[in-house]
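Enquirer: Sharing a structure, written as structure tokens. Questions coming.
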Amino acid sequence: MSISVFDLFKVGIGPSSSHTVGPMNAARLFTKTLEDTAQITKCTRVTVELFGSLGATGAGHGSPKAIILGLSGETPETVNVESIPARVAHVREAGKILLLGYHEVDFNYRDDLIMHRTETLPFHPNGMRFSAFGKNQSPLVSRVYFSVGGGFVVDETADQTDIIVDDPTPTPYPFTSADQLMALCSEHGLSIPALMMSNECAWRPETEIRQRLLELWDVMNACITRGCSTEGVMPGGLKVKRRAAQLHRQLKRQGDSLGDESLNTMDWVTLYALAVNEENAGGGRIVTAPTNGAAGILPAVLKYYLAHCKGARDEDICRFLLTAGAIGTLYKINASISGAEVGCQGEVGSACSMAAGALADALGGTPQQVENAAEIAMEHNLGLTCDPIGGLVQVPCIERNAMGAIKAISAARMALRGDGKHFVSLDQVIRTMRDTGRDMQEKYKETARGGLAINVLEMPVNLIEC
């Protein structure tokens with residue numbers, strides 16, 4: 001079984017990989033299907049139905065704008081972020097949309113984009129049905145897609161194995177468990193990032209791999225920079241104020257240590273994570289790592305390593321991301337990275353585990369210490385629910401990323417103080433996360449019907465800015 005690191009780390013837009021990036025990809029895929037089957041020019045109207053978690057919290061998670069952009073032919077990687085509000089507003093006002101940017105059809109925002117808030121399709125909570133109609137409303141094509149986390153999309157023919165999005169390309173060191181990964185590293189005398197690089201070379205040359213990894217970091221770092229300088233209130237009915245810019249000014253002044261100057265580094269880590277997830281909440285460009293909802297943890301920990309750790313080199317960026325990718329594939333293969341499936345333990349928990357293991361490796365840890373760090377980080381995220389207030393990826397999501405980054409650093413340091421031997425294995429904790437997610441009530445899985453989402457307030461749908 002083979003999963004590329006670039007399947008886990010993808011450039012996209014906020015606020016959600018499963019609710020924004022996935023639906024955009026699905027919408028574009030549907031319009032490409034119309035084009036490929038010569039149906040697009042016969043189409044006069046399209047309708048889109050969102051089910052399950054998408055129907056329940058899609059408005060706050062940006063699904064409507066994603067659908068409009070995807071139908072228009074845009075991709076999460078290349079869409080002009082600044083143009084999105086005006087483009088969405090134009091479609092809403094005109095009642096028309098240009099499929100793939102060239103064929104105009106009817107699209108009434110209120111009547112043709114239907115949010116089924118209590119109905120779920122079989123197979124996965126994030127279901128979508130796209131339908132195209134011809135003259136006299138005659139049906140042309142209908143397709144069902146599922147957004148299965150991290151921007152991945154599968155169609156209605158999928159089964160559970162398809163969620164993994166396996167690539168049949170043979171790799172020199174295939175693994176599906178941490179135990180197998182540890183055995184391969186030991187047998188061949190390889191570090192985890194060296195093993196991952198060898199596997200990645202099955203798809204593309206090493207120079208291209210390094211270039212793409214550095215480009216991913218450039219997007220992450222640029223997101224931190226933007227978040228540290230952007231003021232104002234984030235979109236949506238909660239009217240949550242951005243905090244990163246103010247925190248950045250406070251830390252630059254270095255005036256108040258809050259009683260212990262040695263802990264100011266942790267404040268910088270908090271800043272990096274807040275900056276990324278405030279950008280994500282505002283619909284900015286981010287990198288799924290492995291999801292949008294947890295996109296701030298890995299960049300914050302990598303920025304911490306580069307800016308605050310002795311001996312850190314820019315050359316270590318690729319090493320860090322390869323190690324994180326190895327750990328992330330284990331969650332993708334054996335559990336889930338979808339908050340709609342297993343709660344926030346699958347998003348923040350997975351990202352925390354990936355960052356902890358990557359940091360342990362960067363700081364000189366053995367493969368066994370890396371595995372230990374990843375296990376510690378997830379073990380103490382087990383049971384974490386997904387309960388976004390108002391269906392927005394803001395509270396508690398933004399702070400949760402900051403806490404996840406701090407926890408990742410602590411887990412790495414704890415593992416590095418040991419010899420790699422530990423009681424609970426990473427494979428065991430991943431299975432436990434999967435089983436916990438299966439046992440978790442649906443109201444704690446990105447539906448905004450449980451936890452903080454209802455105990456703080458009930459956000460009326462008409463206050464949510466789509």
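The values are calculated or read from the model by the stated rules, or taken from the named source; none is laboratory data. The structure displayed is predicted, hence computed values, not measured ones. All Cβ positions, even for glycine, are placed from backbone atoms using ideal geometry, and neighbour counts span all protein chains on display. When the accessible area is computed, the model is the full protein with side chains, heavy atoms only, and any ligands, DNA or RNA have been set aside. Shrake-Rupley method; radii C 1.70, N 1.55, O 1.52, S 1.80 Å.
Enquirer: Can you give the helix-only mean residue ellipticity at 222 nm for the chain, where every DSSP H stretch with n ≥ 4 adds -39500 (n - 2.57) and the sum goes over all residues, rounded to the nearest 500 deg cm²/dmol?
Expert: My calculation for the chain gives -15000 deg cm²/dmol from helical runs alone.
Enquirer: If one takes the longest principal axis of the Cα atoms in the chain, at what angle in degrees, from 0 to 90 and to the nearest 10, does the Cα axis of helix 84-94 lie?
Expert: 20 degrees
Enquirer: Volume per residue, Å³, of the convex hull around the alpha-carbon atoms of the stretch 294-374?
Expert: With only Cα atoms used, the stretch 294-374 gives 77 Å³ per residue.
Enquirer: With +1 on each Lys and Arg Cβ and -1 on each Asp and Glu Cβ, and nothing else charged, work out how big the dipole of the chain is about its Cα centre, in Debye to the nearest 20. Could you put the intermediate results ahead of the total?
Expert: Details: 42 positive and 52 negative charges, 214 e Å.
My answer is approximately 1020 debye.
Enquirer: In degrees between 0 and 90, to the nearest 10, how far off the longest principal axis of the chain does helix 397-416 point, with axes built from Cα atoms?
Expert: Helix 397-416 and the main axis of the chain meet at about 30 degrees.
Enquirer: Give me the dipole magnitude in Debye, nearest 20, for the stretch 1-115 about the Cα centre, with unit charges on the beta carbon: positive for Lys and Arg, negative for Asp and Glu.
Expert: Working: 10 positive and 12 negative charges, 17 e Å.
My answer is approximately 80 debye.
Enquirer: Here's something else I'd like to know. Putting +1 on Lys and Arg Cβ atoms and -1 on Asp and Glu Cβ atoms, find which of GLN250, VAL287, GLN180 reaches farthest to the positive end of the dipole of the stretch 165-307.
Expert: Positive-end residue among those listed: GLN250.
Enquirer: For the cross-link pairs LYS10/LYS332; LYS32/LYS445; LYS10/LYS310, which exceed 21 Å when the distance is taken from alpha carbon to alpha carbon? Before the final figure, lay out each step's value.
Expert: Details: LYS10/LYS332 15 Å; LYS32/LYS445 31 Å; LYS10/LYS310 29 Å.
Over 21 Å apart, Cα to Cα: LYS32/LYS445; LYS10/LYS310.
Enquirer: With a 1.4 Å probe and all protein chains kept in place, how much accessible area does SER83 have, in Å² rounded to the nearest 10?
Expert: 30 Å²
Enquirer: A further question follows. Relative to the longest principal Cα axis of the chain, at what angle does helix 264-281 sit, 0 to 90 degrees, rounded to 10?
Expert: Between the helix axis and the principal axis of the chain, the angle is about 10 degrees.
Enquirer: Output wanted: per-residue J couplings in Hz (rounded whole) for the stretch 314-321, from phi through Karplus 6.51 cos²θ - 1.76 cosθ + 1.60, θ = phi - 60°, x for Gly and Pro.
Expert: 4, 5, 6, 4, 5, 4, 4, 5
Enquirer: Would you check the accessible area of GLU77, probe 1.4 Å, heavy atoms only, in square angstrom rounded to 10?
Expert: So the heavy atoms of GLU77 present about 90 Å² to solvent.
Enquirer: Give me the distance between the Cα centres of the stretch 49-100 and the stretch 412-453, rounded to whole Å.
Expert: After rounding, the separation between the Cα centres reads 33 Å.
Enquirer: Now for a separate question. From the residues ALA340, THR329, GLY390, which one has its Cα farthest along the dipole of the stretch 307-466 in the positive direction, the dipole being from +1 and -1 charges on Cβ of Lys/Arg and Asp/Glu about the Cα centre?
Expert: Most positive-ward Cα: THR329.
Enquirer: Here is a further query. Please arrange LEU271, LEU258, LEU363, LEU184 by accessible surface area, largest first, computed with a 1.4 Å probe and ligands excluded. Write out the running numbers ahead of the final one.
Expert: Details: LEU271 0, LEU258 135, LEU363 70, LEU184 30 Å².
Ranking LEU271, LEU258, LEU363, LEU184 by accessible area, largest first, yields LEU258, LEU363, LEU184, LEU271.
Enquirer: Of the heavy-atom accessible surface of the chain (probe 1.4 angstrom), what whole percent is carbon and sulfur?
Expert: On the way: 9170 of 18460 Å².
With neighbouring chains kept in place, the figure for the chain is 50 percent.
Enquirer: Report, by chain and number, residues whose modeled amide H sits under 5 Å from the one on LYS10, excluding near sequence neighbours (fewer than 5 apart, same chain).
Expert: HN-HN under 5 Å from LYS10: THR288.
Enquirer: Follow-up question, since we're still on this one. Is there a quick way to get the dipole size of the stretch 165-209? I mean about its Cα centre, with the Cβ of Lys and Arg at +1 and of Asp and Glu at -1; what is the value in debye to the nearest 20?
Expert: Details: 1 positive and 7 negative charges, 14 e Å.
So the magnitude is around 60 debye.
Enquirer: Another one. Here are some values of Cα extents along the principal axes in Å: (1) 71, 54, 42; (2) 70, 62, 43; (3) 72, 52, 46. Which one was computed from this structure?
Expert: Checking each listed value against the structure points to (1).
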